[in-house]
Amino acid sequence: METQIAQTELELIQGDITKAQVDAIVNAANSALVGGGGVDGAIRRAGGDAIEQACAEIRAREGGCPTGKAVITTGGDLHAKYVIHTVGPVWEGGNSGEPELLASCYQESLQLAVENGVQSIAFPSISTGIFGYPTEKAARVALTAVQSFVEQSNTAPASIQFVLFDEATYTCYADALHVLFSE
């Protein structure tokens, strides 16, 4: 499923983000930037030791990455030149700033992409795995945050993909995209 926002093509894909043919992929990381499960584990396995070494350097220098923020490393063995690691919020019912923190993940990642000359970027569904954010709610926040960034930036990447691992997640994002662009 595709749509256009200003000069940016937005595409939803069901698949494996580690195989995305883009300049940068986004990793749903933890604040310690230590390897985890889910998309983080898959990206680190596919990207190899260079990603882990780069994360270790960031940990030593900055202590990690706060929720809602993002850092960038090499893509290691991935097709992508870069991995942008962002830390989504843990779902606590929606009244602890989760939507704002989740939106910040997408916007901070896009800002880092722009600063590093990234023309194509792929996002997973941030915070909807072990962090427990309901996928329907996360999809609306993610797509709205991306739309807002693109509309306010004349330097946004030309291509933004959401590479969603399973059919249920893809369907949530497709439904949210349909609602967002029919309003």
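The values are calculated or read from the model by the stated rules, or taken from the named source; none is laboratory data. Here the structure is a predicted model, which is why all the values come from computation and not from measurement. Quick reminder, even Gly has a Cβ in these numbers, built from the backbone with ideal geometry, and neighbours come from all protein chains shown.
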- If only one of Gly88, Gly68, Gly15, Gly76 is within 17 Å of the chain's Cα centre (by Cα), modelled with pLDDT of 95 or more and over 21 Å from Leu102 (Cβ atoms), which one is it? Gly15
- Task: Exactly one condition in (1) part of a loop (DSSP other than H, G, I, E, B); (2) among the hydrophobic types (A, V, I, L, M, F, W, C); (3) at pLDDT 95 or above is not met by Leu110; state its number.
- Result: (1)
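A quick yes/no check of all residues on (1) at pLDDT below 95; (2) part of a loop (DSSP other than H, G, I, E, B); (3) over 12 Å from the mean Cα position of the chain (by Cα):
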{"site": "Ser104", "(1), (2), (3)": "no, no, no"}
{"site": "Ala138", "(1), (2), (3)": "no, no, no"}
{"site": "Ala145", "(1), (2), (3)": "no, no, no"}
{"site": "Phe149", "(1), (2), (3)": "no, no, yes"}
{"site": "Pro157", "(1), (2), (3)": "no, yes, yes"}
- Item | Matching residues in region 41-91 - criterion: being part of a helix (DSSP H, G or I), without any contact (Cβ under 8 Å) to a residue 24 or more places away in the chain and under 24 Å from Ala142 (Cα atoms) | Gly41, Arg44
- Query: Can you find even one residue in region 2-10 that is part of a strand (DSSP E or B), without any contact (Cβ under 8 Å) to a residue 12 or more places away in the chain and farther than 16 Å from Ile126 by Cβ?
  - Reply: yes
- Item | Pair list, Cβ < 7 Å and 6+ apart or interchain, from region 157-183 residues that are closer than 20 Å to Thr18 by Cα and aliphatic (A, V, I, L, M) to residues that are modelled with pLDDT of 95 or more and in a helix (DSSP H, G or I) | Ile160/Val146; Val163/Ile17; Leu164/Tyr170; Leu164/Tyr173
- Query: Within the set of pairs 6 or more residues apart or between chains, which connect a residue that is touching a residue at least 60 places away in the same chain (Cβ under 8 Å) inside region 17-38 to a residue that is assigned to a loop (DSSP other than H, G, I, E, B) and of a type in the set (D, E, K, R) with Cβ atoms less than 8 Å apart?
  - Reply: Asp23/Lys81; Ala24/Lys81
- Task: Test each condition in (1) surrounded by 15 or more Cβ atoms within 10 Å (Cβ to Cβ); (2) of a type outside the set (S, T, N, Q); (3) touching a residue at least 40 places away in the same chain (Cβ under 8 Å) for Ala139 and report the one that comes out false.
- Result: (3)
- Query: Would you say Gly37 is within 19 Å of Gly15 (Cα to Cα) and surrounded by fewer than 16 Cβ atoms within 10 Å (Cβ to Cβ)?
  - Reply: yes
- Query: Taking Gly117, is it surrounded by fewer than 22 Cβ atoms within 10 Å (Cβ to Cβ) and more than 21 Å from Ala50 (Cα to Cα)?
  - Reply: no
- Note on the structure: Screening Ser182, Ser153, Ser127 for residues that are crowded, with 20+ Cβ neighbours inside 10 Å and of a type in the set (Ser, Thr, Tyr) leaves only Ser127
